[in-house]
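Worksheet: the structure to be examined is printed underneath.
The values are calculated or read from the model by the stated rules, or taken from the named source; none is laboratory data. Bear in mind that the values here come from a model prediction, so they are computed numbers and not experimental data. Heads up, the Cβs are rebuilt from the backbone with ideal geometry, glycines too, and the neighbour counts pull from every protein chain shown. Surface accessibility is based on the protein's heavy atoms, side chains included, excluding ligands, DNA and RNA. Shrake-Rupley method; radii C 1.70, N 1.55, O 1.52, S 1.80 Å.
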Amino acid sequence: MSELEYLGRIGYKRGEMLQGLLIHTMSQHVMKDKKVILFGAGMNAFYAETMLKEKGIELFGYVDNLEKLWGSKLRGKSIYSPYELFKSDEYYYIITVCQSSINQVRLQLLAHGIQSYGIFIDEFFHDFSEQDERLQEILLEAINIICFENEESVVTIPYSHGGDWQPARLNFLLWSTLWAHWAYLWEKEEIERNKYKEILEIGPGYGLMSLVLLTQFQDIHIDWMLMEGESGEIAENSRNFESGLRKVREKYSNRINEIFCSVERDYMSSKKYDLIILTEVFEHFAINPVEVMGKLVCKLEKGGKIILTTPNWGHLYIYQSWEEIPYNEGVSDARYKELLRCGHTYQYNKQELITIFNRVGLDIEKYNLSDNNNHNFVLVKHEQMPE
């Protein structure tokens, strides 16, 4: 099984922390029994070498496809021809070329029957280790489950004969922590402090946040609200998330329930929740957010809270004001499906969100901007609001 290993922080790029990670196409324990070779002698090789050394892994040398480098040295280590080393199986290769060349090198290794290798990537995600080291461990374990468990590397990190290499599922999960890292921390605090049991997550994506919570808390139950497709199952625009949801569902089948409906359009049951989670969903509402959030306020137990994240990335040229977004009445099913094609219907500034929350009886208990400039909120009902 493939697996992801966190190596460490590289530094800031455009104000966001760039992290170094290693994707092993076999168990990372294989690397410890072989001589480690970096495939590529550029900047990524420098990052990888530095981080591996901090973990006590010594580098044997480099290989590179550029012939003029063969026989030269870099930081005291030799640069070899790959074809010279391919004759032996004593090496573990770590691909450190730029992303556009990763496919080429993987196919090169494939052609020579080499399976013992890893792929170094530099990527953005929120490192929780200084805030909550255990949460960091659980998060990486959850990403490994969703991306790699019970799948061969040829599926999870597919070969491509053209175009850029892009392990989209993995990238998406890493990026998602930049949008909602306060939410991860606040959810843990709220569940621990208030002993919450019943949770609703609307639009769970690949299921990463739910998996992290289910791993941490053994007595919580989570309802997933998923858009329903024509067949009565998950909607087409959410089908790409099914690979991750299936793994979480199978792992915690007795603690997850799926509700197929639209929070915007459908009648909701009488069940109430201790915690309602909406991460990167609010901006997709095609029905006016006052109407939708008003329904959710009625779903909160006494003392219950809503944790919500949404982009703070500037307005889109769809509506001049969020108040132009239509209410449910008068919007046909066909028209609603058309409106969903807008994707991000509207992106809100903080004052607009405060106005909406006030109209439905929600107070802001906590607020912060995430690494990627996303609003993160903890919301609670006004004290005078009826249950």
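Couple of notes before you dig in:
- A convex hull fitted around the alpha carbon atoms of the stretch 22-110 yields 98 Å³ per residue.
- Sum of -39500 (n - 2.57) over DSSP H runs of 4+, divided by residues of the chain (222 nm, nearest 500): -9500 deg cm²/dmol
- Applying D = kT/(6 pi eta Rh) to the stretch 172-330, where Rh is the Kirkwood radius over alpha-carbon pairs, T corresponds to 10 °C and eta to 1.306 mPa s, the Stokes-Einstein value obtained is 96 µm²/s.
- Annotation: extensible slack from Glu5 through Asp89 equals 28.0 nm (criterion: 0.36 nm per residue apart, minus Cα-Cα distance).
- Charge tally in the Cβ shell below 15 Å around Arg335, where Lys, Arg are +1 and Asp, Glu are -1, Arg335 excluded: -2
- Protection proxy ranking of 286-292, 276-282 - average other beta-carbon atoms within 10 Å, highest first: 276-282, 286-292
- The chain, accessible surface, carbon-and-sulfur percent (1.4 angstrom probe): 49 percent
- Efficiency of FRET from Cβ geometry, Ser253 and Ala334, R₀ 22 Å, rounded to 0.05: 0.05
- Between helix 350-359 and the chain there is an angle of about 40 degrees, using the helix long axis and the longest principal axis of the Cα atoms.
- Residues of type lysines that Lys350 reaches as a straight line, Cα spacing below 25 Å, ignoring anything fewer than 8 places off in the same chain: Lys188, Lys295, Lys299, Lys305, Lys366, Lys381
- Computed from backbone phi with θ = phi - 60° and the Karplus coefficients 6.51, -1.76 and 1.60, the 3J(HN,Hα) list for the stretch 21-27 is 9, 10, 9, 8, 7, 9, 3 Hz; x is used for glycine and proline.
- On Cα atoms only, tilt of 43-54 relative to the major axis of the chain in degrees: 90 degrees
- Only Lys, Arg (+1) and Asp, Glu (-1) charged, at Cβ; the stretch 50-139 dipole about Cα centre in debye: 520 debye
- Around the amide H of Asp223, modelled in the peptide plane, lie the amide H atoms of Ile199, Leu200, Glu201, Asn257, all under 5 Å away and 5 or more residues distant in sequence or on another chain.
- Label-reachable residues, the stretch 206-226, where backbone N falls under 19 Å from a point 7 Å from Asp132's Cα toward its Cβ: 206-223
- Straight-distance crosslink candidates among aspartates and glutamates, where the alpha carbon sits under 17 Å from Lys271 and sequence neighbours closer than 8 are dropped: Glu198, Glu201, Asp223, Glu258, Glu301, Glu387
- P(r) of the stretch 308-387 over all Cα-Cα pairs, binned every 5 Å from zero, in whole percent: 3, 13, 19, 20, 18, 16, 8, 2
- Percent antiparallel among DSSP beta bridges (both partners in the chain, rounded to 5): 50 percent
- Only alpha carbons enter this Debye calculation for the stretch 1-64, each as an equal point scatterer, and the log10 of I(q)/I(0) it gives at q = 0.20 Å⁻¹ is -0.86.
- Between the helical axis of 168-194 and the longest alpha-carbon principal axis of the chain there is an angle of about 50 degrees.
- Sequence-distant aspartates and glutamates (8 or more away, or on other chains) whose Cα lies within less than 16 Å of Lys87: Asp64
- Accessible area ranking (1.4 Å probe, heavy atoms, ligands and nucleic acids excluded), largest first, for Ser269, Ser321: Ser269, Ser321.
- nm² value of the averaged projected area, convex hull over the Cα atoms of the stretch 187-230: 3.2 nm²
- Radius ratio Rg over Rh of the chain, counting only Cα atoms, Kirkwood formula for Rh: 1.03
- Surface accessible to a 1.4 Å probe, per residue, for the residues of the stretch 71-122, Å²: 45 Å²
- Taking label positions 7 Å along the Cα-Cβ direction at both Cys298 and Glu192, the computed distance is 3.6 nm, reported to one decimal.
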